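Peer 1: One structure follows; several queries about it will come next.
The values are calculated or read from the model by the stated rules, or taken from the named source; none is laboratory data. Note that the structure is predicted; figures quoted are calculated from it, not measured. Cβ placement follows ideal geometry from the backbone for every residue including glycine, while neighbour counts extend to all protein chains displayed.
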Amino acid sequence: MIGSRKLDHLKICREMDVEYRDKTTLLEDVQLVHQALAGLSFDDIRTETIFMGRKLKAPILITAMSGGVSEAGSLNLDLARAAQALGIGFCLGSQRPMLEDAAASSSYQVRAAAPDIPIVGNIGIQQAAQSDPDKVARLVSAVEADGLAVHLNPAQELSQPEGDRVFPEPAAVLKALSRRLPGRLLVKETGCGISREAALKIRAAGVRVVDVAGAGGTSWPWVEKLRKGAKPQKRAWLDEWGISTGASVLETRGLGLQVVASGGVRNGLDAAKCLALGADLVGMALPVLRSHAAGGCEGVVAFLSGVITELKTAMLLCGARDLKTLAGTEPVITGKLSEWKNLRRKKSRIRR
Ligand SMILES: Cc1cc2nc3c(=O)[nH]c(=O)nc-3n(C[C@H](O)[C@H](O)[C@H](O)COP(=O)(O)O)c2cc1C
């Protein structure tokens, strides 16, 4: 049952129009300021960073997608190999099948193919809340990962007639897990973003890393409806729900959390904008899946090498030799993102 669902998700995401239609990331409202006299050479640009205790060559993660079905094993291996070749991070898809049957771990075993990069496990908050925290924490060691991502997906659940309707307060489960995995627990959305209020709860539970997975990229309520045979004209408000990725970065920055910006990040300029807005890393799922469908492991390496080159190009053009300088460049924020920032600054004290 979970396996056939995962296969459907992979197929639908490869073949159909699964992204938000009207809502965007709002990254179009962010302009990096061009510096014609930066005095830098391309080879000067440094993009190294640290994530989950390991060094990355570029601040990029392949975010969670796959696991638990045989097809997922070869996909995960290809993605992990690509991440290893590029020196970026790799996140496994939901390990729920492993909670139900420890023998289901084979499609998640990628460490031998990616010995040097951070690998992050994955479980839904609902499954984590219903399981013994020691067992959940063991999902990390069982696949030689460096940390665990706990995903939140209430809109996706509510979009399915058979989905969850009860969403328990997460503090207890997150605290239990962060005690067992200190500094190695990440909380992520799956496309609807993280608000400042949610980020404060996450921080209070002892979690130090958050992936906003905001709106503007893959819409999971819509993927679920496509799975039930919905026609493209049948889009409704729930399929467009969520905090745009750019806005979610503004919401979560400045709280002492390591922030991953994802959800609709599609190229190196998007990445540079997120990093200038205050994110520490960026993540991508859908475009990586599609570059894999088009060209296997090499297709992923080619796509993500292009993203890294674009990121470095944008950094040079706004005079940022390294990620710290990029974070201090103060991009110009206009339009809807500026409105969001101003209105939410009054309400919930988002920074700047
Ligand atoms: C095929 C596919 C499967 C996914 N499976 C998972 C999953 O198992 N666990 C999870 O936390 N997120 C999962 N996601 C969500 C992504 O990690 C990401 O948060 C979301 O798709 C937004 O990023 P994007 O716009 O780059 O796709 C999946 C995404 C895709 C495309």
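Peer 1: Restricting to region 6-50, count the residues that are free of Cβ contacts under 8 Å to residues at least 12 places away in the same chain and within 14 Å of the ligand (Cβ to nearest atom).
Peer 2: The total comes to 2.
Peer 1: Now for a separate question. Just wondering, is there one or more residues in region 277-294 that are touching a residue at least 12 places away in the same chain (Cβ under 8 Å), assigned to a helix (DSSP H, G or I) and within 25 Å of Thr334 (Cα to Cα)?
Peer 2: Within region 277-294 (the criterion being touching a residue at least 12 places away in the same chain (Cβ under 8 Å), assigned to a helix (DSSP H, G or I) and within 25 Å of Thr334 (Cα to Cα)), the answer is yes, since at least one residue qualifies.
Peer 1: Looking at this structure, is Val33 of a type outside the set (Lys, Arg), under 24 Å from Val260 (Cα atoms) and more than 18 Å from the chain's Cα centre (by Cα)?
Peer 2: Yes, satisfied.
Peer 1: Considering region 273-309 alone, what residues qualify as being within 16 Å of the ligand (Cβ to nearest atom) and surrounded by fewer than 18 Cβ atoms within 10 Å (Cβ to Cβ)?
Peer 2: Within region 273-309, Arg290, Ala293, Ala294, Gly299, Gly306 qualify.
Peer 1: So in region 36-50, with the set limited to residues that are part of a loop (DSSP other than H, G, I, E, B) and aliphatic (A, V, I, L, M), which one is nearest to Gln258 (Cα to Cα)?
Peer 2: Selected residue: Ile45.
Peer 1: Would you confirm, using the coordinates I've provided, whether Ala172 is small (Gly, Ala, Ser), more than 15 Å from the ligand (Cβ to nearest atom), surrounded by 13 or more Cβ atoms within 10 Å (Cβ to Cβ) and more than 21 Å from the chain's Cα centre (by Cα)?
Peer 2: no
Peer 1: Restricting attention to region 203-242, and to residues there that are more than 11 Å from the ligand (Cβ to nearest atom) and touching an Asp or Glu at 6+ places or on another chain (Cβ under 6 Å), which single residue is farthest from Gly121 (Cα to Cα)?
Peer 2: This residue is Glu240.
Peer 1: Among the residues of region 233-244, write down those that are at pLDDT 95 or above and within 17 Å of Gln156 (Cβ to Cβ).
Peer 2: If the condition is that a residue be at pLDDT 95 or above and within 17 Å of Gln156 (Cβ to Cβ), then Trp237, Leu238, Asp239, Glu240, Trp241, Gly242, Ile243 are the ones that fit.
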